[in-house]
Amino acid sequence: MSPVDHPWEPIPVSEVARLFAGLDAPWWIGGGHAIELAVGRAFREHGDVDVGVLRRDHLTVRRLLSGWDCWAADPAGSLRPWPVDETLPARVHDIWVREATGGPWRLQLMLDESDGDDWVYRRAPGIRRPLDTVVVRDAGPPRLAPEIQLLYKAKHRRPKDDADFAHLAPLLTGEQRSWLAAALTEELGDHPWLEKLPPR
């Protein structure tokens with residue numbers, strides 16, 4: 001069986017928080033779990049759990065996970081082992097993680113780009129913002145800002161992405177709506193979500 005075909009048994013978000021509590025670098029919950037944290041309740045099933053970090057910190061993260069079996073999506077669509085202390089090439093931004101070889105996948109590590117004190121959207125590097133506005137830190141674990149998470153979901157929309165947008169869009173502030181609309185326009189030119197993002 002190819003590693004890609006091994007089953008997923010994602011660890012709970014609470015366990016992710018405990019695992020990454022000792023990381024001396026920014027990290028955040030991403031994907032559908034970040035959407036639900038922003039909405040304040042669970043509303044759908046999840047096949048995995050995404051954890052975001054900055055590419056500049058990926059070796060620090062790999063050392064934190066030194067006891068785990070980590071595989072890089074390199075090239076995209078396939079997996080190869082990621083040894084401790086290997087600097088990943090810029091084309092790699094997706095890592096699958098499990099406790100042991102042959103076991104189920106437990107979390108997905110996503111590498112985000114940065115430039116100095118700015119976060120940079122890898123699909124359209126002209127879209128950037130200060131790093132201190134990218135992660136929401138409130139009562140729960142750190143999570144990706146909701147408007148950024150929706151931007152990631154917008155390009156290759158699936159029914160679950162439209163559901164995430166429908167639950168979250170009404171809760172966005174006017175500033176968040178404006179940022180998302182501008183980013184969608186810059187990256188994609190036109191998008192069905194734009195008509196649902198009028199200023200509040």
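The values are calculated or read from the model by the stated rules, or taken from the named source; none is laboratory data. On a predicted model such as this, the values are computed, not experimentally measured, just so you know. Backbone-built Cβ (ideal geometry, glycine too); neighbour counts: all protein chains shown. Protein only, heavy atoms only, side chains kept; ligands, DNA and RNA dropped before computing areas. Shrake-Rupley method; radii C 1.70, N 1.55, O 1.52, S 1.80 Å.
Miscellaneous remarks
- Filter result for the condition that a residue is of a type in the set (A, V, I, L, M, F, W, C) and touching a Gly at 6+ places or on another chain (Cβ under 9 Å), over Leu88, Leu64, Leu107: Leu64
- Residue satisfying condition, being in contact with a Lys or Arg (Cβ under 6 Å, 6 or more places away or on another chain) and either open to solvent by less than 50 Å² (accessible area, probe 1.4 Å) or not polar (S, T, N, Q) (or both), within set Glu147, Glu113, Glu175: Glu113
- Some residue of the range 101-110 being touching a strand residue (DSSP E or B) at 6+ places or on another chain (Cβ under 8 Å), of a type in the set (Ser, Thr, Tyr) and modelled with pLDDT under 95: yes
- Scanning the range 183-194 for residues that are under 20 Å from the mean Cα position of the chain (by Cα) and surrounded by fewer than 19 Cβ atoms within 10 Å (Cβ to Cβ) yields Glu187, Leu188.
- Residue within the range 158-170 that is farther than 13 Å from Trp193 by Cα, among the aliphatic types (A, V, I, L, M) and surrounded by 14 or more Cβ atoms within 10 Å (Cβ to Cβ) present: no
- Filter result for Asp161 (touching a Lys or Arg at 6+ places or on another chain (Cβ under 8 Å) and without any contact (Cβ under 8 Å) to a residue 24 or more places away in the chain): yes
- Lone qualifier among Arg91, Arg106, Arg129 - being surrounded by 15 or more Cβ atoms within 10 Å (Cβ to Cβ) and over 19 Å from Val16 (Cβ atoms): Arg129
- Some residue of the range 55-75 being open to solvent by less than 70 Å² (accessible area, probe 1.4 Å) and within 30 Å of Pro170 (Cα to Cα): no
- The residues of the range 18-53 that are over 26 Å from Ala169 (Cα atoms) and aliphatic (A, V, I, L, M), listed by number, are Leu19, Ala21, Leu23, Ala25.
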